[in-house]
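First up is the structure itself, then whatever we jot down about it.
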Amino acid sequence: MKKYSLIRPIMLIAIALLSKSLVTNVCMLLGMEADGAKNMGFIAMIIAGIIVFRRTRRTPR
C-alpha cells in the first residue's frame, strides 16, 4: 500500500452521512413525508459520495 491515507475514507463516510441527514431534515421541514424524505436523503448521500470519491481520486497537478 503506497501512501495510504486514512483520512480519505473517513472523510467520504462523514460527508455522505452528513449530506443524508441534512437533506432528510430539510425535506421534513418543508413538509415531505418521512419515507420520501429518507429516499431523497439516500439519493443525496449517493451523489455526495460519488463526488467526494471522484475528487479524492484525482492526482494532484
* Asked: In whole Hz, what ³J(HN,Hα) sequence does segment 48-53 give by Karplus (6.51, -1.76, 1.60; θ = phi - 60°), x for Gly and Pro?
  -> 4, x, 5, 5, 5, 4
* Structure fact -> In degrees rounded to 10, the 0-90 angle between helix 7-29 Cα long axis and the longest Cα principal axis of the chain is 10
* Asked: Can you give the convex hull volume per residue for the Cα atoms of the chain, as a whole number of Å³?
  -> 79
* Asked: Given the rule -39500 (n - 2.57) for each run of at least 4 DSSP H residues, summed and divided by the residues of the chain, what is its mean residue ellipticity at 222 nm, to the nearest 500 deg cm²/dmol?
  -> -27000 deg cm²/dmol
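Rule-based calculations on the coordinates, nothing more; no lab input. Since the structure is predicted, the reported quantities are computational estimates derived from the model, not experimental observations.
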